Amino acid sequence: MTIKIALPKGRLLAETAALLDKCGWGLTGYHEGARVYRLLSGTLPHVQARMFHEKDIPIQVVMGNYDLGICGLDWIEELLAKYPTSALVRVKNLGYGGSVLHMAAYPSGALSTLEAVKASAGPIRIVSEYPNLAEAFALRYRLKRFNIFPVWGAAEAYPPENAELALISGNAGELSPGNLMPLCKILDSSACLVANRNSWENKDLSEVLAAVNNEPDNGQRLSAGTEAMMAIPAPGAVHGKPATTGDKNTIWLALPDGHQQKHTINLLEQAGIGIEGYHARGRNSRPVIDLENVLVKVIRPQDMPLQVANGNFDIAISGRDWLREHRNAFPLSPITELLDLQSARVRIVAVVSADTGITTIDELRSRYTGSSPTLRIASEYVNIADNFARIHHLGRYHIIPTWGASEAFVPEDADVLIENTETGQTLVRHNLRIIDTLFESTGCLIGNTRSINSTGKGKRIKQITAVLRSAVDKNIP
């Protein structure tokens with residue numbers, strides 16, 4: 001009897017590895033910088049483990065792909081807020097990886113207290129990586145009018161101009177990132193061990209759980225949506241710096257965090273544009289740029305096309321992959337590409353396990369036709385993946401959204417992966433084979449068509465585009 005366990009990458013990895021080593025699970029290769037996501041136990045021969053992005057773990061356990069998983073309570077509650085009867089059993093609070101999930105607002109804004117939020121006639125815009133918990137908050141406090149804006153991250157950057165509230169994670173007793181003020185605690189989160197209900201009731205997991213059960217449990221209960229949503233008294237000493245919104249012709253520019261940040265810094269340097277507070281290790285969501293009448297926010301590239309289309313930003317530096325992902329969902333979106341930046345170059349590819357013997361799309365189609373099982377396609381690019389399956393007539397298929405570490409899904413939990421790759425070496429290391437290249441993606445400057453065509457902003461946007469084009473041309477042989 002095989003026992004399958006989903007383990008977290010990222011912030012919980014080091015402490016989880018230390019716990020499992022102490023418990024004698026004997027998982028080699030589970031450490032920071034691990035290059036292989038599949039793990040075997042040297043002491044428990046029936047145990048197989050896999051590394052995932054933390055947010056994917058509750059879903060994988062609920063689906064029954066894994067018997068046990070370790071992840072933060074925040075992501076458990078995010079799932080249960082929408083699917084309260086899911087087949088998820090909370091086995092134990094592991095007592096590390098503590099954080100606080102709270103609703104936050106700009107200190108000098110109109111909604112700087114929980115009472116003001118409840119009394120507001122709205123609409124109140126709430127931005128978060130946790131959209132289900134954000135909606136639970138709005139319903140619990142009976143907000144009259146509200147809109148939930150899901151984002152991939154950097155939610156603290158949006159208030160007050162693009163949202164009134166942000167539901168974000170932070171450390172207890174500290175101000176939220178972006179100098180936001182916490183209004184209401186949603187829950188105290190830490191690492192938890194969870195199980196699939198069917199596995200919990202029908203599999204013998206005692207050998208795996210014996211050592212873990214000897215570790216102390218701090219008794220934290222699942223409580224989001226109930227007593228966890230408690231008001232935090234506004235600290236009298238908190239004073240936020242008022243946002244500078246500029247006039248109606250001010251250009252709002254979104255710059256990327258993550259791996260595109262270094263390319264953007266280089267582009268600005270080549271263009272002779274100074275910027276303060278925007279560097280690889282910083283968390284400043286509002287750097288100051290040396291461009292007249294331009295204000296900047298740092299957000300995730302994945303969120304930029306939708307935010308530009310909604311008019312929250314006039315222009316942004318994103319990737320062609322995320323622009324196409326957006327356009328596949330919204331073909332008539334008021335957004336356009338202004339400039340190919342010729343940087344951050346990756347290929348968007350379809351890959352399968354090398355062990356399948358499949359080398360082409362035609363072979364994939366032949367394998368999954370007629371009475372064959374439904375084809376499982378995993379990807380961060382859910383709309384691109386859906387379009388890929390339709391244009392290649394792949395028959396019955398199911399799209400599995402992922403949040404990172406996507407290589408771990410194939411072949412056990414998905415048959416095909418739509419992924420970006422720079423060199424292909426990571427895919428080869430995970431025994432994956434590219435069977436099709438969908439397109440090549442580079443960084444690009446995108447703009448809102450209404451802003452571009454406006455009398456006040458259009459000329460300035462063209463000037464900025466021209467300056468960046470000159471910088472790009474310098475680097476083209």
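Per the conditions (1) within 23 Å of Pro8 (Cβ to Cβ); (2) of a type in the set (Val, Ile, Thr); (3) without any contact (Cβ under 8 Å) to a residue 24 or more places away in the chain, the sole criterion not satisfied by Val410 is (3).
Between Asp247, Asp257, the distinction of being over 22 Å from Ser112 (Cβ atoms), in contact with a strand residue (DSSP E or B) (Cβ under 9 Å, 6 or more places away or on another chain) and at pLDDT below 90 belongs to Asp257 only. Put simply, of Arg320, Arg367 the only residue that is in contact with a strand residue (DSSP E or B) (Cβ under 8 Å, 6 or more places away or on another chain), outside the structural domain of Pro160 (by TED's automatic domain parsing) and among the basic types (Lys, Arg) is Arg320. It is to be established whether one or more residues within segment 77-97 are modelled with pLDDT under 95, in contact with a helix residue (DSSP H, G or I) (Cβ under 8 Å, 6 or more places away or on another chain) and among the aromatic types (Phe, Trp, Tyr). Checking segment 77-97: at least one residue is modelled with pLDDT under 95, in contact with a helix residue (DSSP H, G or I) (Cβ under 8 Å, 6 or more places away or on another chain) and among the aromatic types (Phe, Trp, Tyr). Assess whether Ala466 counts as being among the aliphatic types (A, V, I, L, M), out of contact with any Leu (no Cβ under 6 Å at 6 or more places or on another chain) and farther than 30 Å from Asp290 by Cα. Answer is no for this residue.
Look at Ala344 and say whether it is among the small types (Gly, Ala, Ser) and either over 25 Å from Ala163 (Cα atoms) or under 18 Å from the mean Cα position of the chain (by Cα) (or both). Show your work before the answer.
Numbers: among the small types (Gly, Ala, Ser): yes; either over 25 Å from Ala163 (Cα atoms) or under 18 Å from the mean Cα position of the chain (by Cα) (or both): yes.
Answer is yes for this residue.
With respect to (1) of a type in the set (D, E, K, R); (2) buried (at least 19 other Cβ atoms within 10 Å of the Cβ); (3) at pLDDT below 95, the lone exception for Arg345 is condition (2). Whenever a residue of segment 106-121 is closer than 15 Å to Phe146 by Cα, its partners that are of a type in the set (Phe, Trp, Tyr) and in a loop (DSSP other than H, G, I, E, B), lying with C-beta atoms within less than 6 angstrom and at least six residues away or across chains, give the pairs Lys118/Tyr141. For segment 379-412, the set of residues classified as modelled with pLDDT of 90 or more, closer than 30 Å to Cys71 by Cα and aromatic (Phe, Trp, Tyr) consists of Tyr381, Tyr397, Phe409, listed by residue number.
Only one residue in Gly424, Gly395 is farther than 30 Å from Ala254 by Cα and not assigned by TED's automatic domain parsing to the domain that holds Glu337, so which one is that? Of Gly424, Gly395, the one residue that is farther than 30 Å from Ala254 by Cα and not assigned by TED's automatic domain parsing to the domain that holds Glu337 is Gly395. Candidates Arg140, Arg197, Arg145, Arg125: the one that is under 24 Å from the mean Cα position of the chain (by Cα) and either of a type outside the set (D, E, K, R) or at pLDDT 90 or above (or both) is Arg125. No other residue among Gly64, Gly109, Gly97, Gly24 is surrounded by fewer than 21 Cβ atoms within 10 Å (Cβ to Cβ), assigned to a loop (DSSP other than H, G, I, E, B) and in contact with a strand residue (DSSP E or B) (Cβ under 6 Å, 6 or more places away or on another chain) apart from Gly64. Of all the listed residues (Ala231, Ala271, Ala224), the sole one being more than 26 Å from the chain's Cα centre (by Cα) and modelled with pLDDT under 90 is Ala231.
Of all the criteria given as (1) in a strand (DSSP E or B); (2) at pLDDT 85 or above; (3) surrounded by 19 or more Cβ atoms within 10 Å (Cβ to Cβ), the one not satisfied by Gln48 is (3). Only a single item in (1) of a type outside the set (Phe, Trp, Tyr); (2) in contact with a helix residue (DSSP H, G or I) (Cβ under 6 Å, 6 or more places away or on another chain); (3) not assigned by TED's automatic domain parsing to the domain that holds Arg365 is not met by His259, and it is number (2).
The values are calculated or read from the model by the stated rules, or taken from the named source; none is laboratory data. Values in this document were obtained by computation on a predicted structure and should not be read as measured data. Please note: Cβ atoms are built from the backbone with ideal geometry, for glycine as well, and neighbour counts cover all protein chains shown.
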